[in-house]
1. What order do you get for 291-297, 133-139 when each peptide is scored by the mean count of other beta carbon atoms within 10 Å, highest first?
2. With a Cα-only, solvent-free Debye model of the range 1-66, what are the log10 I(q)/I(0) values at q = 0.19, 0.23 Å⁻¹?
3. May I ask you to work out the translational diffusion coefficient for the chain at 20 °C, viscosity 1.002 mPa s, via Stokes-Einstein with Rh from the Kirkwood sum over Cα pairs, reported in whole µm²/s?
4. Indicate the gyration tensor shape class of the range 85-155 (rounded, prolate or oblate), computed on the Cα atoms with a ≥ b ≥ c the square roots of the eigenvalues: a/c under 1.5 is rounded; otherwise a/b larger than b/c is prolate and the rest oblate.
5. Report, to the nearest 10°, how far helix 319-330 tilts away from the longest principal axis of the Cα atoms in the chain, using its own Cα long axis and a range of 0 to 90°.
6. Quick one: if you stick a label point 7 Å off each Cα along the C-beta vector at Phe373 and Arg207, how many nm between them?
7. Compute the semi-axes of the equivalent ellipsoid of the range 228-284, taking the square root of 5 times each eigenvalue of the Cα gyration tensor, and list them largest first in whole Å.
8. Bin width 5 Å, alpha-carbon pairs only: give the P(r) of the range 231-376 as whole percents, running from 0 to the bin holding the largest distance.
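The values are calculated or read from the model by the stated rules, or taken from the named source; none is laboratory data. Worth saying up front: this structure is predicted, and the values here are computed from it rather than measured. All Cβ positions, glycine included, derive from the backbone under ideal geometry; neighbour counts span all protein chains shown. The protein model used for the area step is the full one, side chains on, heavy atoms only, and it has no ligands, DNA or RNA in it. Shrake-Rupley method; radii C 1.70, N 1.55, O 1.52, S 1.80 Å.
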Amino acid sequence: MMPLIQVLLLVGIPGLALLAARHVKPVAWVGPVVACYAAGILLANVPGLGLTSGVSLSVSEAAVPLAIPLLLFTTDMPRWMRLARTTLLSFVLACVSAMVSAALVGLAVAERSDEWWKMAGMLTGVFTGGTANMNAVGLALGVREETFVLLNTADIVVGAVYLLFLMTVAQRLALLVLPRFQNATAWEDAEAREEGAPSRRTWAQVRGGVLSLLLAVAVAGVSAGVSLALLGRLEVTVVLLLITTLSLAASFRPSVRTLPGSYALGDYALLVFCVAVGTLADASRLQEAGLFVFACCAAVLVLAVLLHFCLGALFRIDADTVLITSTATIFGPAFIGPVARALRNRELMVSGVTTGIMGFALGTYLGLAVAWFLRP
């Protein structure tokens, strides 16, 4: 498939999903996020379609730096400060859960592989920070190339299943054991305030949307420029931190915070991201991963999530906060938007992005700490 056609397909599907969500009951029930993610997975596994993973990756990487500022421009920072303590506690519990789970699973399979302790460190890195942390831990420990490739592949497959769980039934199941988030501002409330009556969807909204998009592009551009100037390269953690900081700083200005169309554009960028990421989930990779490595990866993830839920219930942390910090540690800040939308809770956007960046910063250290602690 030609790159231009693939880009148009990735960008156009969210529009169809939003339209279908208004008129097709099954799509309305699962929501546009799940519909876009499922559409991407379907496209990835259609024989002969010829999607290029590099194009999908580029689209997903472009969507996130635009979505984050568009969604954060209308942030109410004083309200977020009241949530910070609970979010930080949940983040710490998520990291502890991942470390304990990786160590336990590593010890359980110690007889099956001479690199079990390295795998435990790598899985700690990915489930507290992200793929970059897992790879950094693997390189630091000198893991064999085949183990390196198999763990990365297994992480993609297992992560896709958990992400689908987060965006569908996770909230309903979590509410069985965790308190409900109090006084959340729903995603639809923000959309409703922006849309208003049909007569108000005029030049003011178009102008607001264009201004918010230009401002988001400027924020992303400045962040990338600073990273290049200081480090000589585009460092994902630094760029995302700068984007978040500059977007929050802009949100203190009422003229920015009240720009119409900002949420709608940010929401659309997130849906584009979901489609693009879905096209990277090739089902054939499941066979490549190998049963042993796949089982280890799945066991660590499931045990870490269950332990995090149990600790959250012990400390009476609400369900949405537990789920958003679980997303931050296991997937990183790029996935906070889609999960927050699925939870219908925009209040935790800032907390999720912030803890996701903290996970990037700590993941390598925590992974190496677990590996060295378990080293025979």
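1. Ranked from most to least packed, the peptides come out as 133-139, 291-297.
2. The computed values of log10 I(q)/I(0) come out as -0.78, -1.03.
3. 101
4. oblate
5. 60
6. In this crude spin-label approximation the distance works out to 5.8 nm.
7. Working: eigenvalues 146, 95, 9 Å².
In descending order the semi-axes read 27, 22, 7 Å.
8. 2, 8, 12, 17, 20, 17, 13, 7, 3, 2, 1, 0
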